[in-house]
Amino acid sequence: MLQLRWFVLWATYCIAIVTCDKKWWQTSVIYQIYPRSFKDSNSDGIGDLNGITESLWHIKEAGIETIWLSPIYKSPMYDFGYDIADFKEIQPEYGTMQDFENLIREANSLDIRVVLDFVPNHSSNESEWFQLSANRTAGYENYFVWADGTPDPNNPGKLLPPSNWISVFRKSAWEYNPVRKQFFLHQFVIGQPDLNYREPRVVEEMKNVIRFWLDKGVSGFRVDAVPFLFESRPEDHGGKYPDEPRANILETTPDDYEYLNHLYTMNQDETYDMIYQWRDILDEYESKDGKPRVMLTEGYADIKYVMRYYGNGTHDGSHLPFNFEFLNNINNQSDARDMKFIIDKWMTYMPIGRTANWVNGNHDNKRMASRQGIDRADAMNMLVLLLPGVALTYQGEELAMTDGKVSWEETKDPAACNTDDPINYNKFSRDPARTPYHWDDSNYAGFTSGNKTWLPVADNYKEVNLKAQMAAAKSHYKFYKDIVALRKTNTIINGDLEVKVISEPVLAVMRYLPNEPIVLAITNLSSSEHTVNLLEFFRVLPENMTVYASSIAAKLQKGERISTSRLVLSPHDAIVLVSSA
Ligand code: GLC
């Protein structure tokens with residue numbers, strides 16, 4: 001008995017140490033702000049930095065500790081800021097460097113950290129670097145990926161691109177530059193020439209970009225499009241960039257990105273080392289002032305490639321390579337087995353000692369509530385917030401905002417415009433997920449006090465908006481906020497995870513830690529009622545638990561005591577139960 005006591009004391013001591021040991025980024029909710037669509041402070045219909053600063057109260061109120069801003073740098077906006085003309089300047093539409101410094105100051109005073117987007121794969125074709133390189137100015141010749149064209153055998157005098165590579169946004173990834181008389185590579189739009197990471201000066205320039213923003217006080221970076229950083233070298237393929245083989249995916253045309261298997265333009269081995277070098281910079285800063293910095297990396301790739309970003313045996317890499325499993329592999333038809341499968345998948349592949357993360361959406365995909373269905377929005381928020389590690393929230397997910405309607409005439413996204421297809425453009429368009437944030441039910445959803453917006457406001461804003469959801473007795477927002485608060489508990493910060501398929505539509509996620517209240521998140525994904533006996537699945541559960549939070553349409557209410565051996569779930573319920581310690 002005495003031994004048991006000592007063990008318990010010791011365990012409590014260890015837990016205390018582990019709790020203190022967790023760095024801020026390991027337990028944070030990271031809220032993605034798409035600055036153009038968040039809040040407009042100067043009535044021009046475009047969101048801006050001062051708009052974000054004015055809105056920090058919302059972040060604080062929701063209990064969120066970290067914001068990530070999509071690009072705010074000087075850009076001609078062919079890809080809405082992901083085409084950067086100057087990596088160290090602010091886009092004038094968004095404000096000034098003073099506005100940015102003010103935002104950082106205000107955020108920090110509220111204990112909110114700011115993470116910026118770092119877009120290393122390409123710059124804008126309107127950047128000074130590109131002009132200098134096109135002119136072969138000494139020192140800049142190799143800043144981009146340049147190659148000679150090949151003579152067209154059927155059309156003398158005409159040049160064909162150096163290889164068959166296709167841009168993510170369709171059509172050839174090579175564009176002829178008449179000044180340099182060579183082709184340059186652009187894996188995204190023509191206005192986004194790929195930087196050449198085999199040129200040491202580029203590597204150094206981009207490291208300096210990282211240092212520049214760290215010196216301004218940012219807490220880390222979301223690193224864009226990392227799988228595209230390197231391409232195979234001509235030297236390894238008989239002096240020519242190698243053609244990529246066909247992927248043989250049905251219904252793709254030669255202009256479609258999916259037409260080819262991207263063996264030579266993605267996930268090259270050199271990529272990982274670059275990530276490790278950037279990590280070293282963040283670690284250097286941390287070792288100087290003791291403040292941890294974070295790197296999140298964006299890579300849509302096979303999970304084995306994604307896991308390599310975490311690091312290898314000798315080097316640390318990305319703190320948080322984005323986990324897009326919910327985004328890519330779960331839809332409104334998925335059942336509890338599908339959900340468990342993808343949760344287990346990440347936890348199984350993730351190297352030991354690393355931190356997991358869970359993503360429901362971002363500015364590149366249909367909004368979560370549109371993809372998964374409004375009925376499932378609370379369940380999806382509950383899952384990302386209660387699984388171990390970091391939860392990512394794309395602006396509006398806390399309100400279950402759905403996609404806006406954007407006509408062909410109003411469409412801005414190059415991914416849609418490049419289809420030249422006024423009928424099917426929406427299959428590719430990312431605009432519907434980028435329509436302005438719904439603050440309230442006033443004109444333009446309170447996004448602007450002007451008389452226009454850069455993308456139309458979604459027409460359901462009168463019902464779906466922050467002000468209404470803050471005032472309602474129950475709302476998506478209130479459910480979200482309650483769960484964010486629960487993340488501060490020891491159980492969620494340090495607890496173990498157990499995921500069970502109770503039945504085809506019912507999924508239960510348990511988080512538990514000795515001597516701490518157990519947290520059980522349960523969802524019924526179907527449109528019929530289900531009665532479940534949780535004790536058959538989790539032997540450690542007590543007979544009675546308390547409802548801590550319940551989704552908007554749920555019959556069970558906060559504070560109700562329920563019996564775990566006979567829990568009645570209404571259609572689409574998402575419920576969080578807690579035990580008394
Ligand atoms: C990333 C961004 C996307 C952008 C692309 C090119 O996928 O999230 O918005 O178009 O990279 O920078």
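A few remarks follow.
- Per-residue 3J(HN,Hα) values for the stretch 209-226, derived from phi via the Karplus relation 6.51 cos²θ - 1.76 cosθ + 1.60 with θ = phi - 60°, read 4, 4, 5, 4, 7, 5, 5, 7, x, 6, 9, x, 9, 9, 9, 7, 6, 5 Hz in sequence order (x marks Gly and Pro).
- Once the Cα atoms are used to define both axes, helix 377-386 deviates from the longest principal axis of the chain by about 90 degrees.
- The overall shape of the stretch 334-489, judged from the alpha-carbon gyration tensor, is oblate: a/c is not under 1.5, and a/b is no greater than b/c.
- Distance between modelled label sites at Lys474 and Asn460, nm, 7 Å Cα→Cβ extension: 1.8
- Separation of the Ala147 and Ser407 label points, Cα + 7 Å toward Cβ, nm: 4.3
- Listed by Cβ neighbour count within 10 Å, with the fewest neighbours leading, Leu132, Leu385 appear as Leu132, Leu385.
- Nitroxide proxy distance, nm - points 7 Å out along Cα→Cβ at Asp440 and Trp24: 3.1
- Flagged links, alpha-carbon separation over 20 Å, of Lys366/Lys427; Lys60/Lys405; Lys291/Lys478; Lys412/Lys452; Lys207/Lys288; Lys366/Lys452: Lys60/Lys405; Lys291/Lys478; Lys366/Lys452
- Residue-wise HN-Hα coupling along the stretch 182-197, computed from phi with Karplus coefficients 6.51, -1.76, 1.60 (Hz; x: Gly, Pro): 9, 8, 10, 8, 9, 6, 10, 6, 4, x, 10, x, 5, 6, 9, 6
- Among beta bridges that DSSP assigns inside the stretch 49-195, antiparallel share in %, nearest 5: 75
- The GluC sites (Glu not before Pro) of the stretch 186-260 that DSSP puts in a loop, and whose beta carbon has at most 13 other beta carbons within 10 Å, are Glu251.
- Residues Ile90, Ile67 arranged by fewest to most Cβ contacts within 10 Å: Ile90, Ile67
- For the stretch 64-125 and the stretch 138-183, distance of Cα centres in Å: 31
- Its DSSP H runs of at least 4 residues, each contributing -39,500 (n - 2.57), put the calculated 222 nm mean residue ellipticity of the chain at -8000 deg cm²/dmol, to the nearest 500.
- Neighbour-limited loop hits for trypsin sites (Lys or Arg not before Pro), the stretch 497-553 (at most 16 other Cβ within 10 Å; DSSP other than H, G, I, E, B): Arg539
- Alpha-carbon centroids, the stretch 433-460 and the stretch 329-344: separation in whole Å: 33
- Convex hull volume of the chain per residue (C-alpha atoms, cubic angstrom): 170
- Distance between the stretch 241-313 and the stretch 519-537 - C-alpha centres, whole angstrom: 38
- Taking 20 Å as the cut-off, the amide N atoms of the stretch 207-221 that come nearer than this to a point 7 Å along the Cα-to-beta-carbon line of Asp283 belong to 207-212, 214-215, 219-221.
- With neighbours defined as other Cβ atoms within 10 Å of a residue's Cβ, the residues Ser172, Ser565, Ser287 order from fewest to most as Ser287, Ser565, Ser172.
- Karplus 3J(HN,Hα) series, Hz, for the stretch 458-475 with 6.51 cos²θ - 1.76 cosθ + 1.60 (x for Gly, Pro): 4, 6, 8, 5, 5, 8, 9, 7, 4, 4, 5, 6, 6, 7, 5, 5, 10, 7
- Within the stretch 105-135: backbone nitrogen closer than 12 Å to the Thr96 label point (7 Å, Cα to C-beta): none
- Net lengthening on full extension, Val568/Leu159 (0.36 nm per residue, minus Cα-Cα): 140.3 nm
- For the stretch 309-401, the set of GluC sites (Glu not before Pro) satisfying both a DSSP loop assignment and a count of at most 15 other C-beta atoms within 10 Å is empty.
- Near Gly47: Cβ cut-off under 15 Å, other residues only, Lys/Arg at +1 and Asp/Glu at -1. The net charge is -3.
Values in this text are rule-based calculations from the coordinates and carry no lab data. These numbers come from a predicted model, not from an experiment. Heads up, the Cβs are rebuilt from the backbone with ideal geometry, glycines too, and the neighbour counts pull from every protein chain shown.
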